[in-house]
Amino acid sequence: MKKFMLIFLGADYQKEGLSPDEMQARMGKWFAWNQKMQEAGVVVDGHALESETVRQVSGPDRTVTDRAGSEIKELVGGYYIVKAEDLDGAMKIAEDFPDYDLGGTVEIRQVMVFEQ
Amino acid sequence: MNRKEDTEPIIDHLFRHQFGKMVSILCRIFGLEHLETIEDAIQDTFIKASASWREGIPDNPEAWLTTAAKNRTIDLFRKLKSEKERSKYVQSGASTIAFSELFLDHEIADSQLRMIFTACHPALDPRDQIAFALKTIAGFSQKEIAAALLFKNETIKKRLSRARASIKKEDMAFEIPQGVDLKKRRIRVLEVLYLLFNEGFHSTKKDMIVRQELCGEAMRLCKMLVDHPKICDSETQALFALMCFHSARLDSKIDDFNEIIDLRLQDRSKWYFPLIVAGNSMMIKATMSGVYSPYHYEAAIASEHLMAKKFENTNWKKILFWYEKLQAISPSPFNLLNMAVVNLQRNKPELAKAIMERVKPQELGQRNYLYYGCMAQYYKAIKDYKQALSCYDQALSTVQNDSERKYLEKKRNKIQLLME
């Protein structure tokens, strides 16, 4: 089994003006997806990320940029690390990502393994 | 955080109802003038919840949301303080209730009632009141209100901002009026709830879910009024009973294709018995004072229909009696129309005709097709099929609603078959 990171981009609930009911429904979908993956035993790790405080440090001078309030589209909203046979297997898992309809994207990256 | 392994699904509309509660509590703390900021802050709480509950729902989701809202309130509080813009509530000192007590159940209910009475404030345009109530008390989004009331998104947006502007302009207090003012305002509150309910019950343009939600919200709010000893009166109880009776047969009214089913053909086994029971016991309370409102008579009519096991068993005489009572205290051409229909059911077309002569179709506005539909039924009863057909044609030329059009067309086709 290989490990893959599913990185979630986009899908700004705030901007979409989702109603409380719609947000609850969406959360239900995330929850169901997580349940499904847990039952299949493929989840290694995963979290949603705060977007209220986003700080970037870059360059030799360690320039600090406060990116809170940037376009959610440009920010990583969360990730899962899952176990799968191959890229196709990971893609199959990512099919249930709930926010495609809100313009969300899943980036699938294989976790690199170093030969000892 | 505690996670539930075998999680039960979250209660339907938890977020929506929580939204309504929080808006009311926070308005009580900070004042109505901060309504918009408050709504935004609550929206943030949900966004947070929907991300952090992804992997599991907390043991007590409601408590989680309340805590999050409280914390958000404190954030707001600091922000306002720093702006040196202290709310009236904060300034009122000794008479204020401790902050945390506002989150107790009965205080939450009290805050929500204040919001209901605010939505029905006479300074608000009556057209804006329902939209505002749906947004702030029931937690509907602008888009959901537009879909529920069949208006454009833009229209609802305008109504909401107009309502907010009037509240600011009037510097409205966030309270339940007392004495004579309470009586006056309660009449409007009941009217708004009645309209909200009818919006769900009568419009056939909406899908079943929207209809149920509107009826459900109206009932939930009406129940809050009923449960408040100072606010509840016999009229409030009668309205609640009426809502119970109507809702009991909401499912049987419409078929799978969203078409109206004739009362005659409705599957009476689909009527929801617990609601009938609830309506009956509320009706007993409502009639104790001996003072009857139009809601009392409407409820009486609805319950007569429910009492008949089969359509053939309907006690039309009793129904006619209630309609006459209703017409006496609240005259309307629609009552007359219904009375005519009842007489047709009793095979008394001449009585129906006499009543119809008191109705002018133009009084019915956009719903004047009901007049022609009724006249068609009269002509059918006296076997003047030619006239019946022409009345149906007239009805069809003005009807706007699709399912009602289909209903009338079906009836018209039957007449045509009779003529062949």
Just tell me which lysines come within less than 25 Å, Cα to Cα, of A:K3; anything on the same chain fewer than 8 places away is out.
A:K29, A:K36, A:K83, A:K92
Nearest 10 degrees, 0 to 90: what angle lies between the long axis of helix B:153-170 and the longest principal axis of chain B (Cα atoms)?
60 degrees
How far is the Cα center of the stretch B:39-67 from the Cα center of the stretch B:364-406, in Å?
53 Å
With a ≥ b ≥ c taken as the square roots of the eigenvalues of the C-alpha gyration tensor of the stretch B:212-355, please select rounded if a/c is under 1.5 and otherwise prolate if a/b is larger than b/c or oblate if it is not?
oblate
Tally Lys and Arg at +1 and Asp and Glu at -1 over the other residues with C-beta under 13 Å from the C-beta of B:L102: what net charge comes out?
0
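Contact order normalised by length for chain B, with contacts defined as Cα pairs under 8 Å and 6 or more residues apart; what percent is it?
Once divided by the residue count of chain B, the mean separation gives 10 percent.
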Relative contact order, percent, chain A [alpha-carbon distance under 8 Å, six or more residues apart]
50 percent
With θ set to phi - 60°, apply the Karplus curve 6.51 cos²θ - 1.76 cosθ + 1.60 along the stretch A:82-91 and write out the HN-Hα couplings as whole Hz, x wherever there is a Gly or Pro.
10, 9, 8, 4, 7, 4, 4, x, 5, 5
How much length is gained on full extension from A:E16 to A:D61, taking 0.36 nm per residue of separation minus their Cα-Cα distance?
12.4 nm
With the other protein chains left in place, how much accessible area per residue, in square angstrom, belongs to the protein assembly as shown at a 1.4 angstrom probe?
52 Å²
Using +1 on the beta carbon of Lys and Arg, -1 on that of Asp and Glu, and nothing else charged, what's the dipole of the stretch A:2-110 about the Cα centre, debye to 20?
360 debye
Within the stretch A:51-116, which trypsin sites (Lys or Arg not before Pro) sit in a loop by DSSP and count at most 12 neighbouring Cβ atoms inside 10 Å?
A:R62
Distance between the stretch B:218-241 and the stretch B:102-125 - C-alpha centres, whole angstrom
14 Å
Given Cβ point charges of +1 (Lys, Arg) and -1 (Asp, Glu) and nothing else, what value in debye, to the nearest 20, does the dipole of the protein assembly as shown about its Cα centre take?
2260 debye
Taking loop as defined by DSSP and a crowding limit of 11 other beta carbons within 10 Å, which chymotrypsin sites (Phe, Trp or Tyr not before Pro) in the stretch B:223-277 fit?
B:F257
By a straight-distance test (C-alpha under 30 Å), which lysines pair with B:K285 as possible cross-link partners, with residues fewer than eight away in the same chain excluded?
B:K21, B:K183, B:K184, B:K223, B:K230, B:K253, B:K270, B:K309, B:K310, B:K317, B:K318, B:K325
Relative to the longest principal axis of chain B, what angle (0 to 90°, nearest 10) does the C-alpha long axis of helix B:402-419 take?
10 degrees
Using only the heavy atoms of the protein chains and a 1.4 Å probe, how would B:D40, A:D45 rank by accessible area, largest first?
B:D40, A:D45
Would you mind telling me which residue in B:M288, B:M224, B:M115 has the biggest mean-square fluctuation in a Gaussian network model of chain B, where springs connect alpha carbons within a distance under 10 angstrom?
B:M288
For the stretch B:332-420, what is the charge dipole size about the Cα centre, in debye to the nearest 20, if Lys and Arg each add +1 at the Cβ and Asp and Glu each add -1 at the Cβ?
200 debye
By how many degrees, between 0 and 90 and to the nearest 10, does the Cα long axis of helix B:369-381 differ from the longest principal axis of chain B?
30 degrees
Any idea what the relative contact order of the stretch B:332-420 is, in percent, if you count C-alpha pairs under 8 Å spaced at least 6 apart?
23 percent
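The values are calculated or read from the model by the stated rules, or taken from the named source; none is laboratory data. None of these values were measured; they are calculated from a predicted model. Positions of Cβ are generated from backbone atoms using ideal geometry, with glycine treated the same way; all protein chains shown enter the neighbour counts. Note: areas computed on protein heavy atoms with side chains; ligands, DNA, RNA excluded. Shrake-Rupley method; radii C 1.70, N 1.55, O 1.52, S 1.80 Å.
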